[in-house]
Structures are given as C-alpha cells and as structure tokens.
Amino acid sequence: MRASRFVVPVVVLLVAACGARATGGQVKPPDNALVGVTMPTTTSPRWISDGENIKRDLESRGHRVDLQYAQNDVPNQVKQIESQIAAGAKLLIVASVDGSALTKPLQMAADAGIPVIAYDRLLRGSPNVDYYATFENFRVGIYQAESLLTGLGLRNADGSPGSVKEPVNVELFAGSSDDNNSVFFFNGAMSVLKPYIDDGRLVVRSGQVDFQSVTTQRWDGETARKRLEEILAASYRGKKINGVLSPYDGISLGILTALRNNGYGPAFPVVTGQDAELPSVKSIIAGEQYSTIYKDTRELATATASMAEAVLKDRTPPQLNNLNDYNNGVKVVPAFLLNPVSVDKSNYHKVLVESGYYTDDQLR
Ligand code: GAL
C-alpha cells in the first residue's frame, strides 16, 4: 500500500518530465503533444478569438489542445492549470486573470518539467515562466495618447502642434491593476500626456492622475462607467469634458455609456481604446468612439504556436526579439513583441478590412 502510493507519483512525474525533452542526448519531437491553453475570459471577443486561433494553429501542427476560459476567476484558472498538468500537458500557454496569482500552479508545472509561455499578459513573481509573447505594450500607450491629442486638436496626425490652444478637459483610465500590461499602457500614455498636463494644456479636473487612482479592476466597462459618472457629478458641474484616455474597448464602451447618460452625444468627447473589438469599430464608424489600437491577435496566436513548437522540440524560439524589458519580479522573461497599429475612422478600412481581420459585412 505504502509502496504503491509512493511509486505512482514518481512514475507520473518521470513521464511528465521526460515528455518532449531530450533523451540520451537526442531531441525527440513530440507527436501529438497535449498543450494546455488557459485564457482569462469570454466576456471580451478578443480572448475568444485568441483561444480559437491558438488552438487551430497548434492542432494544424498535429498537437492536441485543452482550451479553458477562467471567466475572470483566479481560483478557476488555478484549477484549470492544475488539471492540465494532471492530464499530462507537455506545455502550458497562459493568459492570466491576475498575473501574480499563479505562482503555485507554475511551480507544479516546473516540478513536472512542463515549460510555460505567458500569452499577452506577463506572469509575475515566478521563476517558472520560460517565454512571453505579446505586443509592444509601451507603444500601445503612446499611440493611445497621441490619438487622444490628435482627436482633441492639440496635435496633428503628423505629430506637429495642432490648432487648439486653449486648455481642454480630460480624464484618465488605466486597466486592471493586477495586469502587468496596464502599467506599460499607462506609462506609455503618460510619457506623451504628462508634459501637456504639467503645462496646463490638458486639465484633469478630478485630479486623478496616478496609476493607482485610475485603474479599472478586471478591465470592466461597468466599473469604468460608474467611475466616470462619479467624476462627472463631482468635478464637471457646468463644465464639459473633452476627452477620455481609455486603455481598452470594453472600458471605452462603458465610458461612452456614462457620457450618454450625462447628456453627451451625438457628438462625443474623444475616447480612445484598444483591441479593435467589433462593437468599438462599429462605434468608431458611427462617430462615437474616436480610436482604438489594433493588435493582430491572429499573428500573436501564430507566433505563439510556433514558439510552442520550438519549445516542445527543446529549441529556443527563434522569434525572440526582446530580452530586456519584461522583468517579472524574479527574472527577465525573454519575449517576442509584435507591433500595434493605431486605428481611427480615417484608416479603419485599410487596416482592418483590407487585412482581412473583418469583412465589410461584419462592420455594417
Ligand atoms: C490586456 C490586453 C489588452 C486588453 C486587456 C483587456 O492584457 O493586453 O489588449 O485585451 O487586457 O482584455
């Protein structure tokens, strides 16, 4: 009895640890390896297509994929990863709900010899993250801020000073504080906006300008709607708000609802966004949301699948192009970064339709 309880876990661990790894100096490509993919939520269209694209890509390479969505619940995501490990996954791809909350399952993965790729969101506080695939997140923030300034008339599209000279009122929103990306987006945006706030060209009437006071837990649009309505009630009596820095389309829609509830529209303040989600692209075409940032998640999925393939074959992914910027608090995680594209009414057709991301029909 004692012996069998001891033997079984050791065998399981050995099998898991050997998996796709080199044996006797020879690298064995894994056939039909099980890859565990965990995504944060299905409430946002982007994560649904991210998950489906990764699954399709890996399956076309002959692997099996267990794709799970955590519905923004951390214990749920922990359980999903643990069961993928128990099921014999040879590699994990994780887009976290809370980037710092997975240290235990990541340790379990490491103990079983299972490599981990952080997908879009960095996994923090753990040595057990092998690679990271994402976009130039700081640049996303720069593009959001530049688009806000352009929409406000403070800057022309070519970067030259715009015609507006009088101060304009803006409010700032950041993403979820437990998502490492939020800091990058906000810092990127503030690298552009801070000089304008400092010299009074931009006025933040709420006074809320530091990261902690502007975050939006779980990127939730409803939370953003409530915060903006409170700000409008407290700081905008008899005053107009001209623009809102929004880090993500789901938040932008909440912001537009708050504005509508406060009598704005059909002309709206300048509201930015990110992800080029369908409802927001339609809103841009209708002249409501001003802009978004397009991140081709098809490319991210393909790149991640080929990184996964390399890792399963015990090779270093050849795509890596950033070995410095993504320190997760324990180590610098080697990363592959893709480029984002700023999108507004002037270029949505070229960027989103001509690239095949959306069809004209979808945008009607
Ligand atoms: C971030 C991601 C953004 C956006 C946001 C909310 O981590 O980089 O593109 O999707 O989450 O889902």
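The values are calculated or read from the model by the stated rules, or taken from the named source; none is laboratory data. Keep in mind that this is a model prediction, so the values were computed, not measured. Please note: Cβ atoms are built from the backbone with ideal geometry, for glycine as well, and neighbour counts cover all protein chains shown.
What the table below lists for this structure:
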| read-out | value |
| --- | --- |
| Tabulated pairs, the range 229-245, first surrounded by fewer than 10 Cβ atoms within 10 Å (Cβ to Cβ), second at pLDDT 95 or above and of a type in the set (Phe, Trp, Tyr), C-beta under 6 angstrom, 6+ apart or interchain | none |
| Members of the range 170-212 that are more than 16 Å from the ligand (Cβ to nearest atom), crowded, with 19+ Cβ neighbours inside 10 Å and farther than 16 Å from Glu146 by Cα | Ser206 |
| Output for the range 84-112, where each listed residue is away from the ligand (no atom under 12 Å from the Cβ), closer than 29 Å to Tyr294 by Cβ and polar (S, T, N, Q) | Ser100 |
| Counted residues, the range 275-293 - those being outside any helix (DSSP H, G or I) and either within 16 Å of the ligand (Cβ to nearest atom) or free of Cβ contacts under 8 Å to residues at least 40 places away in the same chain (or both) | 9 |
| Matching residues, the range 134-152, being away from the ligand (no atom under 16 Å from the Cβ) and either without any contact (Cβ under 8 Å) to a residue 12 or more places away in the chain or of a type in the set (Asp, Glu) (or both) | Glu146 |
| Contacts under 8 angstrom Cβ, first residue in the range 67-92 being within 22 Å of Asn53 (Cα to Cα), partner of a type in the set (Lys, Arg), 6 or more apart | Leu67/Lys55; Asn72/Arg218 |
| Among the candidates Val129, Val65, residue that is within 16 Å of the ligand (Cβ to nearest atom) and either assigned to a helix (DSSP H, G or I) or crowded, with 19+ Cβ neighbours inside 10 Å (or both) | Val129 |
| Which listed residue is more than 15 Å from the ligand (Cβ to nearest atom) and assigned by TED's automatic domain parsing to the domain that holds Asp325, from Pro115, Pro167 | Pro115 |
| Residue in the range 311-326 that is away from the ligand (no atom under 16 Å from the Cβ) and touching an Asp or Glu at 6+ places or on another chain (Cβ under 8 Å) present | yes |
| Selection within the range 326-344 - exposed (fewer than 15 other Cβ atoms within 10 Å of the Cβ) and within 30 Å of Thr150 (Cβ to Cβ) | Asn339 |
| Selection status of Gln77, within 15 Å of the ligand (Cβ to nearest atom), farther than 20 Å from Val129 by Cβ and not assigned by TED's automatic domain parsing to the domain that holds Asp179 | no |
| Residue that is farthest from Phe211 (Cα to Cα), among those in the range 222-272 that are within 15 Å of the ligand (Cβ to nearest atom) and outside any helix (DSSP H, G or I) | Thr272 |
| Condition met for Gln208 (part of a helix (DSSP H, G or I), of a type outside the set (Asp, Glu) and assigned by TED's automatic domain parsing to the domain that holds Ser160) | no |
| Identity of the residue in the range 213-228, polar (S, T, N, Q) and within 17 Å of the chain's Cα centre (by Cα), that ends up surrounded by the fewest Cβ atoms within 10 Å (Cβ to Cβ) | Gln217 |
| Condition met for Leu323 (under 24 Å from Tyr119 (Cα atoms) and exposed (fewer than 14 other Cβ atoms within 10 Å of the Cβ)) | yes |
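Conditions tested, residue by residue: (1) surrounded by 20 or more Cβ atoms within 10 Å (Cβ to Cβ); (2) over 19 Å from Asn322 (Cβ atoms).
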| site | (1), (2) |
| --- | --- |
| Ala70 | yes, yes |
| Ala89 | yes, yes |
| Ala112 | no, yes |
| Ile117 | yes, no |
| Phe135 | yes, no |
| Ala157 | no, yes |
